[in-house]
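For reference, the structure discussed in these notes is given below.
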Amino acid sequence: MDGRQAVPVVLAEKGESVTWYVATTGKPYFIKQDSTRDDMQDLTDSGFGGTVSAKAPSGAVVEAPAA
């Protein structure tokens with residue numbers, strides 16, 4: 001899978017399928033998702049172990065109204 005060894009994990013039912021590819025070397029990261037379902041998109045993940053710039057949001061915290 002894009003130069004990485006991976007094992008496919010397939011879920012198929014009623015003519016639809018989703019295939020997840022999981023790395024078989026190093027950490028078992030989820031690499032890719034292929035789907036024939038309308039409610040699921042195809043995804044490719046990369047950049048594992050890299051840094052991300054995240055910070056806490058500013059402003060007031062507002063509670064949702066009770067139902």
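All of the numbers you see were taken from the coordinates with simple rules; none came from a lab. Model, not experiment: these values are computed from the prediction. All Cβ positions, glycine included, derive from the backbone under ideal geometry; neighbour counts span all protein chains shown.
When segment 44-67 is filtered for residues that are under 25 Å from R4 (Cα atoms) and surrounded by fewer than 10 Cβ atoms within 10 Å (Cβ to Cβ), the ones remaining, listed by number, are G47, G49, G50, T51, V52. When restricted to residues that are surrounded by fewer than 15 Cβ atoms within 10 Å (Cβ to Cβ) and small (G, A, S), segment 1-43 contains 5.
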